[in-house]
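A short write-up of the structure that comes next.
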Amino acid sequence: MSENKQSDICILGIESSCDETAAAVVKNGRQVLSNVISSQIDIHTLYGGVVPEIASRKHMERINQVIRQALSDAGMTFSDIDAIAVTYGPGLVGALLVGVAEAKAMAFALQKPLIGVHHIEGHICANYIAHPDLEPPFGCLVVSGGHTHLVAVRDYGKYEILGRTVDDAAGEAFDKVARAIGLGYPGGPKIDKAAKEGNEYAIDLPRAKVDGSAYDFSFSGLKSAVLNYLNGAQMKGEQIVQADVAASFQKAVVDVLVSHSRNAIDEFGFREFALAGGVASNSGLRAAMEEMCKEKGVRFFVPPAILCTDNAAMIASAGYYDHQAGRRSGSDLNAQPALRLGDR
């Protein structure tokens, strides 16, 4: 066996924080050998959103099959894996427990290192997979269903949170507004599609700022403004153009996300800036961020859509850098649904 082959580190990643049961094998933090995702979206669409009890039950049904498929796709067996990385927070507590229990049992049985990974850190690390030339330091905007973070990535595993949402995350607002205008679940992709047919200047909506914090986000007021507009239009018997509401709402969210990112680039001097998280799949946000970074002369990075939504490849990537830093989790690793970025 060659010296280079001996230095390769293959991490099995497991992700079960919400409604995707996922497993992946990643080599040296950046090369995806397999990436298997079992989505529950069709089930939860029936209920208009994720039902935690159902999500947990489906994770239990699928997790062993998904892990076996990930190993098979990578052409590997359990003995070829160097460590097991698993999301332990934040997320739905029951869903997280399924993945954590599975990873702990496997690590014990196989005598492999166990590494607990922060879900948001995983989203950031998705950019390392998509862009092998990206290295810290850089700025990153993480926008997902439950989280909106503006982060200074100082080094691998070292983050400074510049701003975060103080109420609804952007993804939550997308889901709630989509439901209100009759688009249904999941809200993000449906609003993105509808917005392409609408006038983003049709409705005057607020761009909220948080007093005392230049980089924190607030989207609950925007959501309320949309609901007030809908109620007012219905009371007056005015026609509601679904596409115009979607486009105006999306524009308001994107404007705030881009302006905060622009200000951070100016203040902290980032020469590279990344976008991550499920809402990073939004075409309006991607285009606006890319244009802003181009104007600033800043290199812009964003993963492909498959690595923006919840997946285990990003967890394995984050696990690799923790592994290289000597970080290990013990048998007392537990699900932490409210885990904050930077906590260990």
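The values are calculated or read from the model by the stated rules, or taken from the named source; none is laboratory data. Since the model is a prediction, treat every value here as computed from it, not as a measurement. Methodologically, a virtual Cβ is constructed for each residue, glycine included, from the backbone with ideal geometry; neighbour enumeration extends over all protein chains shown.
Within the range 272-300, count every residue that is closer than 14 Å to residue 191 by Cβ, in contact with a Ser or Thr (Cβ under 9 Å, 6 or more places away or on another chain) and surrounded by 24 or more Cβ atoms within 10 Å (Cβ to Cβ).
So the answer is 2.
Anything in the range 68-87 that is in a loop (DSSP other than H, G, I, E, B) and free of Cβ contacts under 8 Å to residues at least 24 places away in the same chain? List them, or say none. Spell out the reasoning first.
Our first condition is that a residue be in a loop (DSSP other than H, G, I, E, B); within the range 68-87, this holds for 75-77, 81-82.
Listed by number, the list holds a single entry, 77.
Within the group 284, 297, 319, which residue is small (Gly, Ala, Ser) and in the same structural domain as residue 120 (by TED's automatic domain parsing)? Please lay out each step first, then the result.
On the way: 284 fails: in the same structural domain as residue 120 (by TED's automatic domain parsing); 297 fails: in the same structural domain as residue 120 (by TED's automatic domain parsing).
Exactly one of 284, 297, 319 is small (Gly, Ala, Ser) and in the same structural domain as residue 120 (by TED's automatic domain parsing), namely 319.
Does residue 153 qualify as being under 25 Å from residue 313 (Cβ atoms), in contact with an Asp or Glu (Cβ under 9 Å, 6 or more places away or on another chain) and β-branched (Val, Ile, Thr)? Explain how you work it out, then say what you get.
Details: under 25 Å from residue 313 (Cβ atoms): yes; in contact with an Asp or Glu (Cβ under 9 Å, 6 or more places away or on another chain): yes; β-branched (Val, Ile, Thr): yes.
It is true that residue 153 is under 25 Å from residue 313 (Cβ atoms), in contact with an Asp or Glu (Cβ under 9 Å, 6 or more places away or on another chain) and β-branched (Val, Ile, Thr).
For the structure I just gave you, tell me whether residue 289 is part of a helix (DSSP H, G or I), touching a Leu at 6+ places or on another chain (Cβ under 9 Å) and outside the structural domain of residue 193 (by TED's automatic domain parsing).
On the way: part of a helix (DSSP H, G or I): yes; touching a Leu at 6+ places or on another chain (Cβ under 9 Å): yes; outside the structural domain of residue 193 (by TED's automatic domain parsing): no.
No: the conditions fail for residue 289.
If you take the residues in the range 301-344 that are acidic (Asp, Glu) and in a loop (DSSP other than H, G, I, E, B), which one is surrounded by the most Cβ atoms within 10 Å (Cβ to Cβ)? Walk me through how you get there before you give the answer.
Initially, the range 301-344 is screened for residues acidic (Asp, Glu), giving 310, 322, 332, 343.
Keeping just the survivors that are in a loop (DSSP other than H, G, I, E, B) gives 310, 332, 343.
Details: 310: 26, 332: 6, 343: 10.
Selected residue: 310.
Are any residues in the range 131-158 hydroxyl-bearing (Ser, Thr, Tyr) and buried (at least 21 other Cβ atoms within 10 Å of the Cβ), and if so, which ones? Spell out the reasoning first.
Residues of the range 131-158 hydroxyl-bearing (Ser, Thr, Tyr): 144, 148, 156.
Once the filter is applied, which keeps residues that are hydroxyl-bearing (Ser, Thr, Tyr) and buried (at least 21 other Cβ atoms within 10 Å of the Cβ), the range 131-158 yields 144, 148.
In the range 29-48, how many are crowded, with 17+ Cβ neighbours inside 10 Å and over 16 Å from residue 313 (Cα atoms)?
Qualifying residue count for the region: 2.
If we scan the range 151-161, do we find a residue that is touching a Phe, Trp or Tyr at 6+ places or on another chain (Cβ under 9 Å), at pLDDT 95 or above, within 30 Å of residue 51 (Cα to Cα) and of a type in the set (Gly, Ala, Ser)?
The answer is no, given that none of the residues of the range 151-161 is touching a Phe, Trp or Tyr at 6+ places or on another chain (Cβ under 9 Å), at pLDDT 95 or above, within 30 Å of residue 51 (Cα to Cα) and of a type in the set (Gly, Ala, Ser).
Based on this model, can you work out whether residue 216 counts as closer than 21 Å to residue 147 by Cα, within 19 Å of the chain's Cα centre (by Cα) and of a type in the set (Asp, Glu)?
On the way: closer than 21 Å to residue 147 by Cα: yes; within 19 Å of the chain's Cα centre (by Cα): yes; of a type in the set (Asp, Glu): yes.
Yes, satisfied.
Looking at the range 129-156 only, could you name the residues that are in contact (Cβ under 8 Å) with a residue 40 or more places away in the chain, under 21 Å from residue 343 (Cβ atoms) and not in a strand (DSSP E or B)?
137, 144, 145, 146, 147, 156
Checking residue 3 against (1) modelled with pLDDT under 95; (2) surrounded by fewer than 18 Cβ atoms within 10 Å (Cβ to Cβ); (3) closer than 30 Å to residue 178 by Cβ; (4) not small (Gly, Ala, Ser), which single condition isn't satisfied?
With (1) modelled with pLDDT under 95; (2) surrounded by fewer than 18 Cβ atoms within 10 Å (Cβ to Cβ); (3) closer than 30 Å to residue 178 by Cβ; (4) not small (Gly, Ala, Ser) applied to residue 3, the lone miss is (3).
Quick check on this structure: which one of 103, 95, 130, 107 is modelled with pLDDT of 95 or more, within 23 Å of the chain's Cα centre (by Cα) and over 30 Å from residue 216 (Cα atoms)?
103
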